[in-house]
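Here is the structure we will look at, set down as structure tokens.
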Amino acid sequence: MLKHFITVSSQKNLDNSFDKFDVLSVSGKYGIVNQIKFQGRSFAGKTLTNYKVVNTNDVVYTKSPIKNNPYGVIKVNKHKSGIVSTLYAVYNPTKYVCSNFVELYFNDNLRLNKYLKPIVNIGAKHDMKIANKEVINHNVIFPEVEEQRQICTFFLKLEKLISLQQRKAQQLKLLKKAMLQDIFPNTQGIRQIKLSNNIWVEKRMVDIFKEKNIRSKNGELLSVSISKGIYPFSNSERKNNSSIDKSNYKKVTPGDITYNSMRMWQGALGVSKYNGIVSPAYTVMATKEKENPLFYYYYFKNTRMMFNFRQHSQGLTSDTWNLKFPLLKKIAIQIPINKNEEEKIIKLFESIDIAITSIELKIEKLKAVKQFLLQNMFI
């Protein structure tokens, strides 16, 4: 039984040695976290005397439903000691367990829900009707403590590898953001990084782009997002709220720059690789001269340009800001006379994007390996 490995803790904050800065919360994704550091504020009551003390390596069970876990979650405190409200159940590990193994064992949602479902009664207010002792009074199958430690060490190394790759991806994203700022001209027309000595000249958008307003109800429905650019809506997990009558939808062809008129100031645009149709709320445009539209895609992701788009948008609040082509075409930008420099800039940012994508794929594979092992290494 689980009570062989963990026992109910009776330690409370009776001497008030812990204050609101030590209050902990439990997240299904991030485990046990400091409430103020994680959520930005404390949700603690006026008195903390009856709060339960959670020491490092203690096990905590949340008596409240969390997404994918309708009967709560079981996590281990891997950080410094703190306190939790009386709504939580706190357990101390015995000498027969590596406490991190308890969290690993219950990390699989299917295993956790299967364990808790028969013993948890959910009240009218969706609160958990279960005694702290009852939670641990049921069977689990754990190996000897030494094998537990070996398994914990293995998963710790795997988690560190995932964290390392996540940091690499974040650093590349920060590098890209900085490069977008420095390669394209600032408000004074100065470029911090120059790939050549080519001259850049000022042009208005209307001299570079033409709006495309071809209507069609036939074609694959496309969507535009800040992170993914233009992609088939069938690849989205969002609910399809598009109109049944698509006769007023706009036609998109490969190479078109398409943007969400309500979110251009946030960078919701992309260069299409597809033939398809988009909502009338989107703007579709193409370059007047034959050139690579990816240069402008990266240019418009520059935070100064997005601020410029915001300034030219109509609407009183961010929910109503709208940048249609008649407003966008008035904006002036600087571009290089020599188109070879545009290609150099495109290749630079494409190489960064390829590196980011490669690392993110590696992260997804590592997470898949971890999930597979969590589902299959335990009985």
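The values are calculated or read from the model by the stated rules, or taken from the named source; none is laboratory data. Every value quoted in this text rests on a predicted model; they were computed, and no experiment measured them. Neighbour counts run over all protein chains shown; Cβ positions are idealised from the backbone, glycine included. Just so you know, the surface numbers come from the protein's heavy atoms only, side chains and all, with ligands and any DNA or RNA stripped out. Shrake-Rupley method; radii C 1.70, N 1.55, O 1.52, S 1.80 Å.
Counting only DSSP H runs of at least 4 residues, each contributing -39500 (n - 2.57), and dividing by the residue count of the chain, the helix-based mean residue ellipticity at 222 nm comes to -10500 deg cm²/dmol.
Per residue, region 220-379 exposes 52 Å² of accessible surface when a 1.4 Å probe is rolled over the protein heavy atoms with every protein chain present.
Span-like helices, the chain: DSSP H, alpha-carbon axial extent 20 Å or more, mean Kyte-Doolittle -1.0 or greater, which ones?
Working: long enough: 145-183 (56 Å, -0.27); 339-376 (55 Å, -0.11).
TM-like helix candidates: 145-183, 339-376.
Please say if region 4-47 is rounded, prolate or oblate, where rounded means a/c under 1.5 for a ≥ b ≥ c the square roots of the C-alpha gyration tensor eigenvalues, and otherwise the choice is prolate for a/b larger than b/c and oblate otherwise?
Details: a/c = 2.92, a/b = 1.14, b/c = 2.57.
Taking the square roots of the gyration eigenvalues as a ≥ b ≥ c, region 4-47 is oblate.
Summary of packing: across the peptides 265-271, 50-56, the per-residue average of other C-beta atoms within 10 Å ranks them, highest first, as 265-271, 50-56.
Here region 106-212 has 52 percent of its accessible surface on carbon and sulfur atoms, given a 1.4 Å probe and all protein chains in place.
Could you please report the charge total around LYS217, scoring K, R as +1 and D, E as -1 over all other residues with beta-carbon less than 14 angstrom from its beta-carbon?
Cβ neighbours under 14 Å give a net charge of +2.
Which value, in Å², gives the accessible area per residue of region 59-143 when a 1.4 Å probe is used on the protein heavy atoms? Don't skip to the answer; put the middle values down first.
Values: 4160 Å² over 85 residues.
Per-residue value: 49 Å².
Of the three principal axes defined by the Cα atoms of the chain, the extents in descending order read 75, 50, 45 Å. If I compute solvent accessible area with a 1.4 Å probe over the protein chains, what percent of it on region 260-379 is carbon and sulfur? With neighbouring chains kept in place, the figure for region 260-379 is 56 percent. Between LYS347 and LEU373, the modelled label-to-label distance comes to 4.1 nm, taking each label 7 Å out from Cα in the direction of the beta carbon. Over the C-alpha atoms of region 251-340, the Rg to Rh ratio, Rh being the Kirkwood estimate, stands at 0.96.
Taking label points 7 Å from Cα along the Cα-to-Cβ direction, ARG41 and LYS203 give a separation of 5.0 nm.
For the chain, calculate the relative contact order in percent as a whole number, restricting contacts to Cα pairs under 8 Å that are 6 or more residues apart. In percent, rounded to a whole number, it is 15. Once C-alpha pairs closer than 8 Å and six or more residues apart are averaged by separation and normalised to the residue number of region 243-317, the relative contact order reads 33 percent.
Length gained on full extension, GLU364 to ARG149: 74.8 nm, using 0.36 nm per residue less the C-alpha separation.
Here the extension length gained between VAL8 and ARG191 equals 59.6 nm, from 0.36 nm per residue of separation less the Cα-Cα distance. Using 16 Å as the cut-off for backbone N distance, which residues of region 273-292 belong to the label zone defined by a point 7 Å from the Cα of LYS339 along Cα→Cβ? Answer for region 273-292: 286-292.
How large is the Kirkwood hydrodynamic radius of region 72-180, counting all unique pairs of alpha carbons, in Å?
On the way: mean 1/r = 0.0587 Å⁻¹.
With all distinct Cα pairs of region 72-180 included, I get 17.0 Å.
Among the listed pairs LYS46/LYS117; LYS288/LYS329; LYS173/LYS301; LYS29/LYS301, those with a Cα-Cα distance over 22 Å are LYS46/LYS117; LYS29/LYS301.
Under the rule a/c < 1.5 gives rounded, and otherwise a/b versus b/c splits prolate from oblate, where does region 142-253 land using the Cα gyration tensor? Oblate, since a/c reaches 1.5 and b/c is not below a/b.
Accessible area of region 1-51 with a 1.4 Å probe: how many percent of it is carbon plus sulfur? Kindly include the intermediate steps, with their values, before the conclusion.
On the way: 1690 of 3280 Å².
Carbon with sulfur: 52 percent of the solvent-accessible area.
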